[in-house]
Amino acid sequence: MCNDSKCDKQAFQKSRRKVLKGLAAGIGVLALPAPDAAASVWETFFQKHFRELTRDELKKVLARLESNYSKEFGQQVSVKATPPIEGVKFGYGLDLSRCIGCRRCVYGCVTENNQSREPQIQWIRVLQLDKEKGVSLEHAKHYYNPPEVPTEGHFYMPVQCQQCENPPCTKVCPVQATWMEKDGIVVVDYNWCIGCRYCMAACPYGARHFNWAKSKLPKEELNPNTHYLGNRPRPTGVVEKCTFCIQRTREQPGRYPACEEVCPVGARKFGNLLDPKGEIRYLIENKRVFILKEDLNTQPKFFYFYAT
Amino acid sequence: MKINLRRSLSLAIGLTALGATLISAAEVEKFFDRQGNLVVQEKVEKYKRRADEGTSYPVPPPPFSDGIFPCSDCHAGMEPDPERRELVGMHADIILDHAEGQRWCLDCHNLNDRDSLRLVNGDLIPFTESYLLCGQCHGDKLRDWKVGIHGKRTGYWNGEKQYLLCAHCHDPHSPSFKPLAPMPPPIRPENIRREAAPVAPVPH
Ligand code: SF4
């Protein structure tokens, strides 16, 4: 039932939390991994914060993760740590006059980013709104399920991480396990996260999700092309969120995020905010644009717009 | 001096001859027809050069119904009939739901060469550039489409892009986007607890 690497990871998660609690009580040493625990458990336990890893240390960490995941999922899994591209700040556009609420993006994201199938985690939530009431979140419906969309009198607004330039979530993290990268993507170091869920409370968009249980991700459904800060399999007890498909968009040339690519109506736009000729700048300059909950001064890099 | 002149003269003549053969080679078109016979024919410049030529909008092949193209396969032997009428028999399945009171087939399809489309100014365009035809009325959409705002564009955000023709999403004869079945809604939180396998106790 519990193969080696699974046990390792669970042991690590439990022990890290126990240590933190234990340290407070002054008995932390009792919660350390058992003396006979596998070497990789100890390595994981003493792993530094992602941003403090030297190049060599990072290489070792990635190799350890790759071998653990490959064993767990019975296939070759790659874990990259591709850095941000110079001169790039990612921005996203979503055309509310086009979206039909079909939820293809939700499932495209789940498959690409290895979200837990059970208990269910989805990074994108599509809201059905009344045309008469406009963008009024109190009237939003999440669970709509008619035979066909769009339905009369409604429009649809997918919500996911807004990649705020002034993110409230990163400020509340007591251990700095989440931060904004140079290209504007807000990321989580799953190995550093202690699972306190402060960031979930701080996010005004409901964009962060917690791994309550070991995810049931069928082996054959794993996307083996992963990034350390993105879609690699997550341990239990950590928070995760949309990363603008960091494993795709930081490639050279950069692929579009999975949700952008799967949308059947082309409602989703993605590009470099710093490129004056890019599609994101074009839509900001030429279309009616709004950002969600502007009054909170979170400064999202996710722009809702109306092309017509 | 004399020798030099003669040399450059002969060089010039040689180059012209070479150029001529190159041009004549380019003017012949070879292809296999439906019966598998090799056809060699003189190439005719059917399509005019356009202002934004060189800007590329790579698109997949137009979404023709099976076996319908080239239209000339059937139309070649038929007498063109420019008279506005309701079609019976062939193409009767096409119901025009696109400003039907104001136009009919030959406002977009070309009378004498069915393998091309025709703009209002009389210019012929290939089906792979049908966006020019749509853009005659929907200029704002064409402008947005070119910069990747209207319609779906795939490829790389900082590299090659792939476009779709208008006709890939909108049936030109009935262009409104057809409704789709939505994918399943998320599981309600209260049901996640019930349906999930025994959830590990929350570590505290
Ligand atoms: S896939 Fe596109 S149309 Fe469908 S819900 Fe997502 S954004 Fe809207």
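The values are calculated or read from the model by the stated rules, or taken from the named source; none is laboratory data. This structure is a prediction, so every number in the text was calculated from the model and none was measured. Positions of Cβ are generated from backbone atoms using ideal geometry, with glycine treated the same way; all protein chains shown enter the neighbour counts.
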Checklist line | Failed condition for B:Phe177, given (1) in a helix (DSSP H, G or I); (2) within 8 Å of another protein chain (Cβ to nearest Cβ) | finding: (1)
Check: Of the residues that sit in the range A:103-126 and are of a type in the set (A, V, I, L, M, F, W, C) and under 11 Å from the mean Cα position of the chain (by Cα), which one is nearest to the ligand (Cβ to nearest atom)?
Finding: A:Ile124
Next item on the list: Out of A:Ala207, A:Ala258, A:Ala267, report the one residue that is within 16 Å of the ligand (Cβ to nearest atom), touching a strand residue (DSSP E or B) at 6+ places or on another chain (Cβ under 6 Å) and not polar (S, T, N, Q).
Entry: A:Ala267
Next item on the list: Report whether or not B:Leu106 is outside any loop (DSSP other than H, G, I, E, B) and within 30 Å of B:Thr154 (Cα to Cα).
Entry: no
Next item on the list: Could you grab the pairs with beta carbons closer than 6 Å, sequence gap of 6+ or different chains, first residue in the range A:241-256 and in contact (Cβ under 8 Å) with a residue 60 or more places away in the chain, second one charged (D, E, K, R)?
Entry: A:Lys241/A:Arg208; A:Arg248/A:Arg255
Next item on the list: Given the conditions (1) in contact with a Ser or Thr (Cβ under 9 Å, 6 or more places away or on another chain); (2) modelled with pLDDT under 95; (3) not acidic (Asp, Glu), report the number of the one that A:Tyr306 does not fulfil.
Entry: (2)
Item checked: Residue satisfying all of: in the range A:278-302; among the basic types (Lys, Arg) and more than 9 Å from chain B (Cβ to nearest Cβ); farthest from A:Lys80 (Cα to Cα) among these -> A:Arg288
